[in-house]
Structures are given as C-alpha cells and as structure tokens.
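Worksheet: one structure, shown below.
Throughout, read-outs are computed from the coordinates displayed, never taken from laboratory work. Values in this document were obtained by computation on a predicted structure and should not be read as measured data. Heads up, the Cβs are rebuilt from the backbone with ideal geometry, glycines too, and the neighbour counts pull from every protein chain shown.
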Amino acid sequence: MPTSLHQQAVDHLGSRIIDGSVLPGEVVLASELEDELGFSRSVIREAVRVLASAGLVVSTKRVGIKVQPAEHWNPFDPLVIRWRLASEGQGAQLRSLTELRVAVEPMAAELAAEHAPAEFCAELLNLAARMRHAGREGDLDSFLELDIRFHALVLAASGNEMFANLAHPIGETLRGRTELGLMPEHPHEEALAWHQGVADAISAHDPKRARESMELIMRRTVQEIYEVWAHKPRLFPRPVR
C-alpha cells in the first residue's frame, strides 16, 4: 500500500474531524471516501484503523464510520496534536501540552540526575553541545531535531516509562512551534546555557540543579508562547465512562 496515499486519506478525514468540518455523530461511508479521494477500499480501511486507534472514529458494520466526540480522542496521539495545532484549537493545544511539560519535565530531570545510566549522561552532554552550536549558527532545522532528542532523552533517563512515552507528543509540539513560527530565529543564549546546565547536572548526579535548570527552560517556554493561548477558553472534557 503506497504510504503517501494512506497518509493522505488519514490526513483528509482526521483534519476535518479535528477542525469541526465533520461533526461528532456524523456517519461517513467508506464508499463515499473512495469516490471523493479516488483511493482503493484497502487504503480507506487502513486509514480508518489509524483514526479509530486515535479515538476519532468508530467503524461499525452496516452503519459506517461514525465520528466520535472530542472526549474520545487520544490527546497524546501525535496526529491529533498536529491537526489541533493546524486548527482553531491551536492555542488550547499549545497551552495543554506546555502545562504538561511544566509539570513533568523538571521532575524527569531530577529523577534522571538520580538514576540515569552513564551512556545517557554522555549523550545528553553531546546533544547540549551540538544544540549550542546549531543555535548560534541559526540552523533551526538541526536545532529542532537536537532539541526533540534532548528532551526525549531526559524523559527516558528518568527511568519512568510513562514519562518516556511523552516524548512523541512533546516532540510534535516542538515541531509545531517551529512550523508555526513560534520559535525565536536564534535560540536565546540563556536557553542554550540552561540545556547545558540540565545535561551537566544530570551527569554530576545533582537532582536539585537538574530540576532548577529544567524549570528555567520551561518558564522561558511559557513566556515565549503565552500570548498564543492567553484569551483562549480552557477545555473541560467529560470523563469517558
């Protein structure tokens, strides 16, 4: 199955569900999607599986593809995050994920300073040095990938597998900020130093300094993008029973 066709089908329906073009409770027929997109039934079927795994739809025999309300969506799914960042829900999405990062990443850094294996420490030091070089050169593409890897490694170095599994949604957020022009053209020297500080503190097994350095990074992140969500209403989804 051509990956490009599969991804087009996923993006076509998924983005329309997220932006409200297709409303919760609506039923979409696979035959309609085949006609509209010109794709085979197998491509549509696989796309529906992906959307169902993210909680956006439920497929029922003799009924069709039923769109699920937002409380059923998986807010940690990278595709859901990407589509929300491209929609009117951009501000609320950035706020939710930034608040999650503020809550989790300083604790992850503290735990990493207590428990990280030596190879994790060495890689963090290497990534921090490369980030500083890319940031000073204004190479935002390289900086972005290094930044994503750095934060993913801190989460993994905590020794908490649930923290580690936040790497994908956080990475998608960092990509979204860059694509939306919400990152500084040249990363601030302070931010570069704080990333180095996190790596140094983890390698030195200094939990207090690791947490404090990561808190500084998170505080700067909030300051940089707060205006994007400042006047957006908060979301109060009903718990799914």
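Note on the range 39-100: the C-alpha convex hull projects to 5.0 nm² when averaged across all orientations.
Within straight-line reach of K208, meaning a Cα separation under 20 Å, there are no lysines at least 8 residues removed in sequence or on another chain.
Here the sum of -39500 (n - 2.57) over DSSP H runs of 4 or more residues, divided by the residues of the chain, equals -22000 deg cm²/dmol at 222 nm, to the nearest 500. In angstrom, the C-alpha Rg and Dmax of the range 93-132 are 12.8, 35.
Other residues within the sphere of radius under 11 Å centred on the Cβ of E189, judged by their own Cβ, net out at +1 (K and R +1, D and E -1). Against the empirical 2.2 N^0.38 Å (N residues), the chain has a Cα radius of gyration ratio of 1.14.
Expressed as a fraction of 2.2 N^0.38 Å, the value expected for a compact globular protein of N residues, the C-alpha radius of gyration of the range 82-204 is 1.04. When every Cα-Cα distance of the range 3-72 is counted in 10 angstrom steps from zero, the calculated P(r) takes the values 22, 61, 17, 0 percent. Once the C-beta distance of E179 and R62 is scaled by a Förster radius of 35 Å, the resulting FRET efficiency is 0.30 to the nearest 0.05.
Cα centroids of the range 65-143 and the range 196-241: 10 Å apart. For the range 84-189, applying the loop criterion from DSSP together with a ceiling of 16 other beta carbons within 10 Å to the GluC sites (Glu not before Pro) yields E88, E185. What Kirkwood radius, in Å to one decimal, follows from the Cα pairs of the range 166-241? One over the average 1/r among Cα pairs gives 14.6 Å for the range 166-241. When you restrict to C-alpha pairs under 8 Å that are six or more residues apart and normalise by the size of the chain, the relative contact order lands at 22 percent.
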